[in-house]
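Structure first, then comments.
The values are calculated or read from the model by the stated rules, or taken from the named source; none is laboratory data. Here the structure is a predicted model, which is why all the values come from computation and not from measurement. Cβ: placed from backbone, ideal geometry, glycine included. Neighbour counts: every protein chain shown.
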Amino acid sequence: MTESSTAHQWARVRPAPPAPPVARRRTEWLAPTGLILLSLVPILAGALRLTELTSGAEVTPDNARFFASPVPVVVHIVASSVFLVLGALQFAPSLRRRGWHRIAGRILVPAGLLSAMSALWMTLFYDLPTVNGVALLVMRLVFGTAMAAGIVVAFVAIRRGDIRTHSAWMTRAYAIGLGAGTQVFTFLPWTLLFGAPDEATHAVLMGAGWVINLAVAEVVIRRRAVRSGGASRTSGRSGAASAPLS
């Protein structure tokens, strides 16, 4: 074999050089930035609701329930905003390496539980609009309970050192919590094309937001498991130890 052909074959099989540090830093912030942008939808809506409650706005049939019992909605808005922003930042590997993950997690867990429990309280005890039928009530109870349960499972898992289970269930809980952001994009096309949805369509469009988020979460969890499995085969570390946190 000639020297030139050997060099040609080596050029074909050798791996591509790693991305420059600056490029890697930019890439790792794509997911957190996208999640924060999506979170801005419910966060801004919550800020408007808080402004309404604190500025003495006119009480209408649409907002009377919040004025009659403001504590649950205030708790929900504040806790959800904290959960969504801090949760998005958990997807940045550089912050995890600096110990951010553990510090933020101590805030994320109670914030997520308060968000889920206040949502369940409002579902059960607020007088909801007519368009919110029985199907949507059941879905809110199911997804709210699943979000709270996912956070509890994740907390128990990390206490016993099971990072992979912790990461997977926190990702699922975050996906449910971010449902309000995605629901804007399930409602917007329908409303523009067909007008305000009826009760059944309203429930379907709301449910679609949660289902889409959970489907994306499962893809992320599976890819994470594949990467951590590959790392364990090449470096000798367990998949749980090398699984990225989120």
**Q.** Residue within region 162-184 that is among the aromatic types (Phe, Trp, Tyr) and surrounded by fewer than 19 Cβ atoms within 10 Å (Cβ to Cβ) present
**A.** no
Q | Val73 vs. criteria assigned to a helix (DSSP H, G or I), at pLDDT 75 or above, under 20 Å from Ala173 (Cα atoms) and over 19 Å from the mean Cα position of the chain (by Cα) | A | yes
Q: Return yes or no: is Val85 surrounded by 14 or more Cβ atoms within 10 Å (Cβ to Cβ), modelled with pLDDT of 95 or more and within 22 Å of Ser167 (Cβ to Cβ)?
A: yes
**Q.** Options Leu108, Leu120, Leu95: the member that is within 30 Å of Glu28 (Cβ to Cβ) and without any contact (Cβ under 8 Å) to a residue 60 or more places away in the chain
**A.** Leu95
Q: Considering every residue within region 53-67, establish whether at least one is aliphatic (A, V, I, L, M), at pLDDT below 95 and buried (at least 17 other Cβ atoms within 10 Å of the Cβ).
A: no
